[in-house]
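Worksheet: the structure to be examined is printed underneath.
We did not get these values from a lab; they are worked out from the coordinates using the rules stated. Keep in mind the model is a prediction, meaning the values are calculated, not measured. So basically every Cβ, Gly included, is an ideal-geometry build from the backbone, and we count neighbours across all protein chains shown.
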Amino acid sequence: MPWSSSSSAPTPTPAPGIPAPRPAPQLRQYTDDIEHVRVLYFVTALRTVVVVAYIEV
């Protein structure tokens, strides 16, 4: 695998046709004070919402 020399630490460069690795989706939260719930979720690359936790507070 070729290495790029643009930064101080060596990082692998993906081969042609292979997508570059992406960071993990960021976990988000929604809090509703009226219903007293907290929802933890993340949004995928295709904009699909995946609920991780539904917490009644």
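Couple of notes before you dig in:
- Cβ crowding within 10 Å averaged over residues, with 33-44, 18-29 ranked highest first: 33-44, 18-29
- Those residues of the range 33-48 whose amide nitrogen sits under 15 Å from the label point placed on Tyr54, 7 Å along Cα→Cβ: 35-42
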